[in-house]
1. Which number in (1) at pLDDT 95 or above; (2) more than 20 Å from the chain's Cα centre (by Cα) marks the one condition that MET193 misses?
2. Taking strands (runs of 3 or more DSSP E) that do not extend beyond segment 54-131, which have at least 2 residues that are closer than 18 Å to SER298 by Cα?
3. Tell me which residues, restricted to segment 223-257, are in a strand (DSSP E or B), farther than 29 Å from LEU191 by Cα and in contact with a Leu (Cβ under 7 Å, 6 or more places away or on another chain).
4. Mind listing just one residue for me: the one in segment 179-196 that is of a type outside the set (Phe, Trp, Tyr) and more than 12 Å from the ligand (Cβ to nearest atom) and, of those, surrounded by the fewest Cβ atoms within 10 Å (Cβ to Cβ)?
5. Where the second residue is of a type in the set (Ser, Thr, Tyr) and the first is at pLDDT 95 or above and lies in segment 146-160, which pairs have Cβ atoms under 6 Å and are six or more apart or on separate chains?
6. Out of (1) assigned to a loop (DSSP other than H, G, I, E, B); (2) modelled with pLDDT of 95 or more, the odd one out for ARG274 is which?
7. Examine segment 142-156 for a residue that is within 25 Å of ARG272 (Cβ to Cβ) and in a strand (DSSP E or B), and state whether such a residue exists.
Amino acid sequence: MAAPPPDPQFVLRGTSAAVHALHFSCGVQEPDVPVLFSGSENGLINVWNLKTHRVDKALDGHGRKSVCWVETMDGKDRLLSQGRDQKICLWDLAEGRASVTDSVFTENVGFCRCSLLKVAQGRWLMAMAAKALDEVQVLELPSKTSVCTLKPEAGAKLGMPMCLKLWQINCGSQPLLLAGYEDGSVVLWNLSMGKVLSQLFCHQEPVMSLDFDSEKAKGISGSSERALSIWSLNEQQNLQVHTTHRLVNAGISDITIRPDKKILATAGWDHRIRVFGWKKMKPLAVLDYHTATVHCVSFSDHKNPSERLLAAGSKDHRISIWSIYTQT
Ligand SMILES: *[C@@H]1O[C@H](CO)[C@@H](O)[C@H](O)[C@H]1NC(C)=O
């Protein structure tokens, strides 16, 4: 019999708006404090102190437009945030500062979150939906040099990119991009050629979220449907459907595989967070706390596995924090 669903370890309140983005920064040394960044519909980014469970800082840089993505570049002092004001801001948070030191104007009106990949010391790639509705642009950071623009072929009818994942097999190997599109397909792009390597139709509806495990060459995606699609990438760089996992209720807004690749979590339109074993998609827990759609899920980067946390942000203005232990 399955264990009874646990309660959240604690709940963060006070965003006074729906929560759309979460990112932990916990790989810190004492006396530094682990933090959680959250992005809300009211345009604010909160920096939560995970010792006191209070907001240390509220950052206002998106003209009160919803913040849909937050990510750090080497620790918690350099933060990237993306807003519906079509801007991506780079923040300097070192030594108590809270200033925007650089920004990128995306000119994109969609809902697609950016993806960031560290490719070398002091060098990152960032993929973002571009001005032309079906295009993705990849920039190098911090220089903001354009690496490539990924344009579907004429007549491909992919629609808008909805979710992005930059990845590489190992440090130093070629970065690749997986993108989920409005037409329900997942596409693998070669960045140096700007060409499609493989396309897989795995959903009838727009792909809302995806994540990819480069070690197992296996990924997962969700949509407004009542199913998750699990797919794999073979050595010929072809995407193939692996399995389809039926869900009780329809609608997935976010999926994330834990950094150790053992479990994954989904954010549901049914107000629930679901945790699965990644290897066999074994259902491990249904976390029932929120009273509205869960928009985002994120795992912490604690060095010590027993401290690892899962955070979920919801339309109900709350962020629930869970401690998940698993032998799987
Ligand atoms: C991507 O394209 C480049 C340039 O043609 C090629 O050298 C490379 O092998 C391709 N990468 C993959 C993963 O197919």
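1. (1)
2. Passing ranges, in order: 67-72, 78-83, 115-120.
3. ALA227, HIS245
4. GLU182
5. Matching pairs, first to second residue: LEU158/TYR181; GLY159/TYR181.
6. Here ARG274 clears every test but (1).
7. no
Residue by residue, here is whether (1) assigned to a loop (DSSP other than H, G, I, E, B); (2) within 21 Å of the chain's Cα centre (by Cα); (3) buried (at least 21 other Cβ atoms within 10 Å of the Cβ) holds:
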position	(1), (2), (3)
LEU287	no, yes, yes
ALA292	yes, yes, no
SER306	no, no, no
LEU310	no, yes, yes
GLY313	no, yes, yes
SER320	no, yes, yes
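The values are calculated or read from the model by the stated rules, or taken from the named source; none is laboratory data. This one's a predicted model, so the numbers in the text were calculated from it and none came from an experiment. Note: ideal-geometry Cβ built from the backbone for every residue, glycine included; neighbour counts use all protein chains shown.
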